[in-house]
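The values are calculated or read from the model by the stated rules, or taken from the named source; none is laboratory data. Just so it is clear, the structure is predicted and the values come from calculations on it, not from any experiment. Ideal geometry is used to build each Cβ from the backbone, glycine not excepted, and the neighbour counts take in all protein chains shown.
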Amino acid sequence: MDGHSKKATKALVRAEARAFIAGIIDLAGQCAAPAIIGSMQGRCEGDVSRDEALDHLASALDVLGARAAGQGQVLLYEPLNRYETNLFNRQEDAASWLDSRGLLSVRLLCDLFHMNIEEADVAAALVAVGRRVGHVHWADSNRQAMGLGHTDAAPVVAALRRIGYEGFLSAEVFPLPTAMDAARQTIASLGPHRKPV
């Protein structure tokens, strides 16, 4: 395949990915829910420079963020750990880049599992990007329910309170030892930190 054909194929793949996410945004909007760009972001490799990859990402997030805003939602961008992407691994780097590109309809999905790998201090990272936090994946350091790894939940909860986060915490965790046990452990992990109603 020549260079021109490769470039056309890559452009087609990006267009298909945008269309796929647009469909997710439309369906999520009907449920008053945001959509997520997580694992789909991939890696920049081969003949695509990081700057070029980030230009493609910014273009897609701009279009898709506007679509989400049209549904009354934000688009969530999830920085992943270094083993899954080489675009953004740390929350503050991603937030600064979103700011520099003027992507106002995009917020961060802060996944504690990925943050435990990449951030020196998870709570400090949340405070640093406070206004950009759109959702939190409540998962322990081993991707199990909170309390089954080594994450100290108390500073994380304190950080979320400090930034005034009022969104959801969702458990994107392994169903171990069973799905019901993981659900019970997740609920129990929040017990000492819940605000009185």
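Structure above, values below:
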quantity	calculated
Odd one out for Leu64 among (1) in a helix (DSSP H, G or I); (2) out of contact with any helix residue (DSSP H, G or I) (no Cβ under 6 Å at 6 or more places or on another chain); (3) among the aliphatic types (A, V, I, L, M)	(2)
Residue match in segment 177-184 (condition: in contact with a Ser or Thr (Cβ under 7 Å, 6 or more places away or on another chain), more than 23 Å from Ala68 (Cβ to Cβ) and of a type in the set (A, V, I, L, M, F, W, C))	no
Residues satisfying the stated conditions in segment 134-163, i.e. in contact with a Leu (Cβ under 6 Å, 6 or more places away or on another chain) and hydrophobic (A, V, I, L, M, F, W, C)	Val136, Trp138, Ala139, Ala159
Qualifying position, being modelled with pLDDT under 95 and closer than 22 Å to Val136 by Cα, among Ile37, Ile25	Ile37
Residue tally, condition out of contact with any Cys (no Cβ under 9 Å at 6 or more places or on another chain), closer than 23 Å to Ala33 by Cβ and aliphatic (A, V, I, L, M), over segment 75-130	13
Residue match in segment 82-97 (condition: on the phi > 0 side of the Ramachandran plot and either touching a Gly at 6+ places or on another chain (Cβ under 6 Å) or surrounded by fewer than 17 Cβ atoms within 10 Å (Cβ to Cβ) (or both))	no
